[in-house]
Amino acid sequence: MTEPPDITPPQDWTAVEHGLWEAFRLGEVYDLRTGIPERDDPATDRYWGPDRTVRAEAIAKLLLDGPPAVSGRVSAVKLSGAQVSGQLNLSGGHVTPYVEMHDCRFDQQLLLPECSFTTLRLVHCAIPRLEAARLSTTGDLQLAQCTVEGGIRLTDAHIGTDLLINQLIVRRDRHGRALAADGLNVAQDVEAELIEATGEVSLRSARIGGRLSLRGSMLHNPDGRYALNAARVTVEHTLYLSSGWVAAGSGDGTPPAGARTKRFTAEGGVRLDDGRFGNAVIIDRARFRLTGQQQLSLRRIQTPELRLTLDEPPTGLISLVGARVGNLTDSRRSWPESGGVDLANFTYASLTPEGPFPLSERIAWLAAVTPEYGPEPYEHLAAALRTGGEDSDAREVLLAKQRRRRGTLPPAGQAWGYLQDVTVGYGYRPGRAAVWMAVLWALGAVFFATRPQPPPTDQGAWPHWNPALFALDLLLPLVDLGQGGAWRLSGFAQWVAAALMMLGWILATTVAAGASRLLRRG
């Protein structure tokens, strides 16, 4: 008995396409590979004959208007090792069958704009260009290990679960973009590890429900403005710009012990401005090779944790203007020596250095990277140290702030600043006031003890002469011990008394200024 016409392949289909038709109805893999790796690599120029060629129109027929599955089976296109001739155009189509293609070579660009899939997996395929704006899937979109010579467009695409593009090799389109995915919406993770992109990777305003991992990837766009442009991106979990491992190791660590790793590298600017990250931004063991006006720009990002632990600082500017971070983990090697960092309005709640980063070096670095004085970087650092229980270190930072500010004052202000610094360390070293007071008291007591007793101001009644109490009464403003006004001085002793009174007022004023700063911080 012959089968109905709707479940027999068209008469003009080739024998290879007839085999694909039957495999589709059975939901089985249709494998045209030879088993010889060099002959099965779609990225080579080796000739694949008619026995490995399937027309794009045949695949479109199966995906958009294919025959019913064999009873008890689920229809699917599972094609391996085929050359797809012609242009596969599924624009605006609704593809119900599962699609998985391995080691396939496409003659022309793949057109999938506004097409809907359940799951689409293209693994280790060679594609001239992928045009898939506003594509949607209920499951995964996978382009792992593919080579795409003319760029990928996924603007405003909606991925129901994961976007998997690990080990993708993609080169720029005519607009200079390797991956144009502005407005991309992914329900779960974006795995983009060990990719090689030549041209801009654009993820502006993308929304990712899980993590965005670019571990071990190489983004190459030295002549453009950005290698990665992810302004206004929202990542619900973690962004990884860190090393990835290319060979398995042993153990349970991350990466596993003994694994061979590859650093994340960006040759061109990286822009994460206004990004929102639910868990952390991890920039670890990465390299940023920036030229001209290119930057590592983290302006106004918001994240509970920023880990910036580099082996070498970027060659261009790091901008953290307006960024709001919970915990900052950094290392001394992460930052440029002088300039190269913009910290205006950068706030962080706590600080966790990785490796040695002494406070003296951090203060010197802070002065070097802020050519123009501003109080905020010092105050934010002090607040983070205080949060960590390092009150003495916080006071050292605030003292350094006052010393830096002193250089911006007129001569009279600088003189007053030097006096406050020497006497009480701008109020952050109040113990100095007690030392100065004790020294002046001792000197005054010795001086007046070696002089004849002065005559009393009131001939009717006067206290017992006590040189120590007399010197202390002169030093303490607003305190009357009954000695300072009871004796009439003359000559050099009068000048000494005036000096003690003036120094007492200076010490009291500087202590009061320091106390007011402490109260304002409280």
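The values are calculated or read from the model by the stated rules, or taken from the named source; none is laboratory data. All figures in this text were calculated on a predicted structure; none of them were measured in a lab. Note that each Cβ is placed from the backbone with ideal geometry, even for glycine, and that neighbours are counted across all protein chains shown. All accessible areas refer to the heavy atoms of the entire protein, side chains included, with ligands and DNA or RNA removed. Shrake-Rupley method; radii C 1.70, N 1.55, O 1.52, S 1.80 Å.
Kindly indicate whether any position in the range 399-415 is among the aliphatic types (A, V, I, L, M) and within 31 Å of the chain's Cα centre (by Cα). Steps first, please.
The first filter runs over the range 399-415 and keeps only residues among the aliphatic types (A, V, I, L, M), leaving 399-400, 409, 412, 415.
From what is left, the residues that are within 31 Å of the chain's Cα centre (by Cα) are 399-400.
So far as the range 399-415 goes, yes, one or more of its residues are among the aliphatic types (A, V, I, L, M) and within 31 Å of the chain's Cα centre (by Cα).
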Handout entry: Lone unmet requirement of (1) open to solvent by 60 Å² or more (accessible area, probe 1.4 Å); (2) at pLDDT below 80 for residue 452
Key = (2)
Problem - Candidates 133, 178, filtered to the one that is within 27 Å of residue 220 (Cβ to Cβ), assigned to a loop (DSSP other than H, G, I, E, B) and among the hydrophobic types (A, V, I, L, M, F, W, C) - result: 133
Practice task
For residues that are among the hydrophobic types (A, V, I, L, M, F, W, C) and modelled with pLDDT of 85 or more, scanning just the range 339-358, find the one that is farthest from residue 302 (Cα to Cα).
Solution key: 341
Handout entry: Hey, residue 321 touching an Asp or Glu at 6+ places or on another chain (Cβ under 6 Å) and either assigned to a strand (DSSP E or B) or open to solvent by less than 50 Å² (accessible area, probe 1.4 Å) (or both) or not
Key = yes
Completion exercise
Scanning the range 268-290 residue by residue, those charged (D, E, K, R) and modelled with pLDDT of 95 or more turn out to be 271, 273, 274, 276
Practice task
Output yes when any residue across the range 31-51 is more than 20 Å from residue 127 (Cα to Cα) and among the aliphatic types (A, V, I, L, M), and no when none is.
Solution key: yes
Practice task
Kindly indicate whether any position in the range 151-167 is over 21 Å from residue 118 (Cβ atoms), of a type in the set (Val, Ile, Thr) and in a loop (DSSP other than H, G, I, E, B).
Solution key: yes
Exercise for the section: Look at residue 372 and say whether it is within 28 Å of residue 316 (Cβ to Cβ), in a loop (DSSP other than H, G, I, E, B) and among the acidic types (Asp, Glu). Expected result: yes
Practice task
Scan the range 140-157 for residues that are open to solvent by 10 Å² or more (accessible area, probe 1.4 Å), over 21 Å from residue 33 (Cβ atoms) and either more than 25 Å from the chain's Cα centre (by Cα) or aliphatic (A, V, I, L, M) (or both) and jot them down.
Solution key: 140, 149, 150, 153
Completion exercise
Across the range 200-227, the tally of residues that are in contact with an Asp or Glu (Cβ under 9 Å, 6 or more places away or on another chain), part of a loop (DSSP other than H, G, I, E, B) and either at pLDDT below 95 or crowded, with 24+ Cβ neighbours inside 10 Å (or both) stands at 10
Handout entry: Among (1) out of contact with any Gly (no Cβ under 6 Å at 6 or more places or on another chain); (2) modelled with pLDDT under 95 - the single one residue 173 does not satisfy
Key = (1)
Exercise for the section: Looking only at the range 242-264, decide whether some residue is of a type in the set (Ser, Thr, Tyr), touching an Asp or Glu at 6+ places or on another chain (Cβ under 8 Å) and either open to solvent by 20 Å² or more (accessible area, probe 1.4 Å) or at pLDDT 75 or above (or both). Expected result: yes
Fill in the blank from the handout: Those residues of the range 468-483 which are open to solvent by less than 30 Å² (accessible area, probe 1.4 Å) and either among the small types (Gly, Ala, Ser) or over 59 Å from the mean Cα position of the chain (by Cα) (or both) amount to 470, 471, 473, 483
Problem - Criterion: closer than 22 Å to residue 192 by Cβ and either open to solvent by 10 Å² or more (accessible area, probe 1.4 Å) or not basic (Lys, Arg) (or both) - qualifying residue of 111, 120 - result: 120
Fill in the blank from the handout: Of (1) under 23 Å from residue 42 (Cβ atoms); (2) modelled with pLDDT of 95 or more; (3) more than 25 Å from the chain's Cα centre (by Cα); (4) surrounded by fewer than 23 Cβ atoms within 10 Å (Cβ to Cβ), residue 160 satisfies every one except (1)
Problem - Number of the exception - residue 360 against (1) open to solvent by 60 Å² or more (accessible area, probe 1.4 Å); (2) touching a helix residue (DSSP H, G or I) at 6+ places or on another chain (Cβ under 7 Å) - result: (2)
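Conditions (1) under 20 Å from residue 99 (Cβ atoms); (2) touching a residue at least 40 places away in the same chain (Cβ under 8 Å), marked per residue:
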{"site": "35", "(1), (2)": "no, no"}
{"site": "38", "(1), (2)": "no, no"}
{"site": "57", "(1), (2)": "yes, no"}
{"site": "78", "(1), (2)": "yes, yes"}
{"site": "87", "(1), (2)": "yes, no"}
Handout entry: Residue in the range 52-72 that is more than 24 Å from residue 134 (Cα to Cα), at pLDDT 95 or above and open to solvent by 50 Å² or more (accessible area, probe 1.4 Å) present
Key = yes
Exercise for the section: Go through the range 15-42 and give me each residue that's open to solvent by 70 Å² or more (accessible area, probe 1.4 Å) and part of a loop (DSSP other than H, G, I, E, B). Expected result: 28, 33
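Only one residue in 12, 45 is under 46 Å from the mean Cα position of the chain (by Cα) and either closer than 22 Å to residue 118 by Cβ or not in a helix (DSSP H, G or I) (or both). Which one? Before you say what the answer is, go through the steps one by one.
On the way: 12 fails: under 46 Å from the mean Cα position of the chain (by Cα).
The conditions single out 45.
Could you say which residue among 362, 404 is touching a Phe, Trp or Tyr at 6+ places or on another chain (Cβ under 6 Å) and in a helix (DSSP H, G or I)?
Matching residue, one of 362, 404: 404.
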Completion exercise
Screening 299, 287, 276 for residues that are over 20 Å from residue 207 (Cα atoms) and open to solvent by 30 Å² or more (accessible area, probe 1.4 Å) leaves only 287
